1. Restricting to segment 123-153, what's the tally of residues that are away from the ligand (no atom under 14 Å from the Cβ) and part of a strand (DSSP E or B)?
2. Residues of segment 24-43 being touching a residue at least 40 places away in the same chain (Cβ under 8 Å), aliphatic (A, V, I, L, M) and touching a helix residue (DSSP H, G or I) at 6+ places or on another chain (Cβ under 8 Å), which ones?
3. Counting only residues that are polar (S, T, N, Q) and under 21 Å from the mean Cα position of the chain (by Cα), which one in segment 186-235 is surrounded by the fewest Cβ atoms within 10 Å (Cβ to Cβ)?
4. The conditions are (1) outside any helix (DSSP H, G or I); (2) under 17 Å from the mean Cα position of the chain (by Cα); (3) polar (S, T, N, Q), and Q177 fails exactly one of them. Which is it?
5. Can you tell me which residue is nearest to A143 (Cα to Cα) among those in segment 32-56 that are at pLDDT below 95 and near the ligand (Cβ under 6 Å from one of its atoms)?
6. Tally time: how many residues in segment 218-238 are outside any loop (DSSP other than H, G, I, E, B) and either within 17 Å of C83 (Cβ to Cβ) or modelled with pLDDT under 95 (or both)?
7. Answer yes or no: is there a residue in segment 13-31 that is exposed (fewer than 14 other Cβ atoms within 10 Å of the Cβ) and either at pLDDT below 95 or of a type in the set (K, R) (or both).
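The values are calculated or read from the model by the stated rules, or taken from the named source; none is laboratory data. The model shown is predicted, which means the values in this text are computed figures rather than measured ones. Neighbour counts are summed over all protein chains in view; Cβ atoms, including those assigned to glycine, are modelled from backbone coordinates with ideal geometry.
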Amino acid sequence: MELHLDGRAAPFIFMDELSSTNTVLKELSIQGAAEGTVLMASRQTGGRGRMDRSFLSPEGGVYLSMLLTPGCTPELSLSLTPCAAIAVRRSIEKLCGLKADIKWPNDLLINGKKVCGILCESLFFQGQQKLILGIGLNVSTPAEAFPGELGRIAGSILSLTGTAPPVEAMAAELISQLDGMYELWQAEPRRFLEEYRQGCVNIGRAISLIRDGQSRSARALGIDDNYALLVEYPDGERESVYMGEVSLRNE
Ligand code: BTN
């Protein structure tokens, strides 16, 4: 695969197939890979998602992980994941001319179906926090690749809109957007808040909040200044939620 990553200083590693870009980059980071290293694959045999789920990764998607060492508090580094969703959203808008929706914390949806998931994993090595920011974006994956129940909730840019840019172009744009986002985020982490709020489809909706295997009904009131989801429970209690998963409920 040939990508045009003009002027990019950090290494870019491409493989046709591997288990999981997050898993392999984690190993490379322990062996001393440089900050900003991107590992990308055409296919993953063991793509991983949040909540210990698998992430289907056939040919036709962009599967990549970026190594970051932000050197901030672990709390602040949590805000990198929603900002990565903004980088993906901007890439889709630039190459496809459409605004994908964000489902808090970091799923990207087109026509209500998930086209992108983000898994940010953290490890501490020799006293330093390293983040492995993994992104899976379904670009030209055929609709048949999402059988049964999966097809009800997920798709690709091609299967949902009828057209998609080449995977190489999408990958190059995404890496450039991620580089740009990371630089801006380091100077001003809250810089993407308004854009994130505007793109987020959860706000004002009835939701089920899933945490530690437990589901709780709530209403999503907004996104607070730390990119956390501000929710209100039926008893009136309010909470800023930093981690978890939501499903939208119809009232
Ligand atoms: C999710 O939707 O739960 C997150 C999915 C993240 C998938 C990406 S694909 C590249 C990187 N490598 C992995 O194994 N997972 C992430």
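1. Initially, segment 123-153 is screened for residues away from the ligand (no atom under 14 Å from the Cβ), giving 123-130, 140, 142-145, 147-149, 151-152.
Then keep just the ones that are part of a strand (DSSP E or B); that gives 123-125, 128-130.
Residues meeting the conditions: 6.
2. Once the filter is applied, which keeps residues that are touching a residue at least 40 places away in the same chain (Cβ under 8 Å), aliphatic (A, V, I, L, M) and touching a helix residue (DSSP H, G or I) at 6+ places or on another chain (Cβ under 8 Å), segment 24-43 yields V38, M40.
3. If we take residues in segment 186-235 being polar (S, T, N, Q) and under 21 Å from the mean Cα position of the chain (by Cα), then Q198 is surrounded by the fewest Cβ atoms within 10 Å (Cβ to Cβ).
4. (1)
5. Only one residue fits best here, namely R53.
6. First, pick out the residues of segment 218-238 that are outside any loop (DSSP other than H, G, I, E, B): 218-223, 229-232, 238.
With either within 17 Å of C83 (Cβ to Cβ) or modelled with pLDDT under 95 (or both) added as a condition, the list becomes 223, 229.
Within segment 218-238, residues that are outside any loop (DSSP other than H, G, I, E, B) and either within 17 Å of C83 (Cβ to Cβ) or modelled with pLDDT under 95 (or both) number 2.
7. Within segment 13-31, not a single residue is exposed (fewer than 14 other Cβ atoms within 10 Å of the Cβ) and either at pLDDT below 95 or of a type in the set (K, R) (or both).
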